[in-house]
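A short worksheet on the structure shown next.
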Amino acid sequence: MQERLDQMCRLVLRHATGVRMDTPLRGVGIGVVASATTPVALACRAGICLVLQGAKQMNVGARRLRYAAGDYFTSVVEYPVTRSLVETHPGTPYVATSLIVDPDAISTLLAELGPAKQAHRLPAFAVATASPDVLDAWSRLLSLLDHPNDIPVLAPSRERELLYRLLQSEHGPLLRQLARCEGRLADIRRAIEWMQLHVGEPVPIKRLADMVGMSLPSFNRNFREATATSPLQYQKMLRLQAARRLLAVKAKVADAAFSVGYESPSQFSRDYSRHFGTSPKQDAVSMQNGLAPASELLI
């Protein structure tokens, strides 16, 4: 296993030109962080991150996660991270690769694999150690970065192989939720997608509960089980992250506040400072000068 991780790490180091970058492979990202980072609050997309070297710590709601070389993190929803930092050692940077999973590709595979036993009370994210089969399939997909002319012909089959191995892995039941239109986690995902589309609107949580056919107590309980945070807190963090993206492109603080549904810029500044550990004005300057990341993918 370590030999495979080392091989993948060398490959990423040959191709990575920044902390986080997309590749010619559909949905595949790579990244290298040269030195340990300080804690920062960011947004993370749904998908999978495999650590090849170093380690990462994250606080998601009330849960604290740590995953190191050989571990992978899977999430089926976008979620706000209240604290994220990367661990490195002298001369050995943090190296990782990510995959944004296509729900249609999962659905196609599941149609061939047939039904599986339904898992109950799944969280929307989890960490596990990658199996040798997962590492081998991911390595074969990444190896195409050394042979770009082969990507159009070979990448689809290698991506399919990787998704198959992931569906057979410990996180298979979680990934199956991406293809489901019914069920508790599918309902929570639908509510989250609605929050994202209407981030600047005042949306009562009761309305979200009614939308997915749950009572308010049931919705609050299921939402917290899936995301490790309450719907109200999640909604607030989505708004703050959306405002932060606006500030990164030189929006004024008051304009960013009003755009995401705040009526009071001073209340917005207090919430922003509490969440990100710095004022919106100071954070905007840091982001515009490249001193702080404006957002986070998976890596």
Next item on the list: Set the Förster distance to 30 Å, then compute FRET efficiency between residue 259 and residue 111 from the Cβ-Cβ distance, nearest 0.05.
Entry: 0.15
Next item on the list: Within 10 Å of each residue's Cβ, count the other Cβ atoms and sort 253, 95 from fewest upward.
Entry: 253, 95
Notebook entry, point to check: For the pair residue 26 and residue 4, how long in nm is the line joining their label points, each one 7 Å along Cα→Cβ?
Noted result: 2.4 nm
Notebook entry, point to check: What's the FRET efficiency of residue 157 with residue 34 using the Cβ-Cβ distance as r and R₀ = 45 Å, to the nearest 0.05?
Noted result: 0.85
Checklist line | Anchor residue 236: lysines whose Cα lies under 24 Å away (excluding residues fewer than 8 positions away in-chain) | finding: 206, 250, 252, 281
Next item on the list: For a footprinting-style exposure proxy, rank 236, 56, 252 by other Cβ within 10 Å, fewest first.
Entry: 252, 236, 56
Margin query: From Cα pairs below 8 angstrom and at least 6 apart in sequence, can you work out the relative contact order of the stretch 2-179, rounded to a whole percent?
Written below: 25 percent
Next item on the list: Pull out a ≥ b ≥ c, the square roots of the eigenvalues of the alpha-carbon gyration tensor of the stretch 2-179, then state rounded if a/c is under 1.5, prolate if not and a/b is larger than b/c, and oblate in the remaining case.
Entry: oblate
Item checked: Convex hull per residue volume in Å³, alpha carbons only, for the chain -> 131 Å³
Notebook entry, point to check: Assuming R0 = 25 Å, what is the FRET efficiency of residue 140 and residue 92, from their Cβ-Cβ distance, to the nearest 0.05?
Noted result: 0.55
Next item on the list: Give, in nm to one decimal, the length gained when the segment between residue 186 and residue 230 is fully stretched (0.36 nm per residue of separation minus the Cα-Cα distance).
Entry: 14.2 nm
Check: Can you sort 193, 161 by how many other beta carbons sit within 10 Å, fewest first?
Finding: 193, 161
Margin query: Placing unit charges on C-beta atoms (Lys and Arg positive, Asp and Glu negative, everything else neutral), compute the dipole magnitude of the stretch 68-117 about its Cα centre in debye, rounded to 20.
Written below: 180 debye
Check: Just from its helices, what would the mean residue ellipticity at 222 nm be for the chain, if runs of 4 or more DSSP H residues each count -39500 (n - 2.57) and the sum is divided by every residue, rounded to the nearest 500 deg cm²/dmol?
Finding: -14000 deg cm²/dmol
Notebook entry, point to check: Can you work out D for the stretch 184-288 in µm² s⁻¹ from Stokes-Einstein, where Rh is the Kirkwood radius over C-alpha pairs, the temperature is 10 °C and the viscosity is 1.306 mPa s?
Noted result: 110 µm²/s
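Bear in mind these aren't lab numbers, they're just calculated from the coordinates by the rules spelled out. These numbers were taken from a predicted model, which means no experiment stands behind them. All Cβ positions, glycine included, derive from the backbone under ideal geometry; neighbour counts span all protein chains shown.
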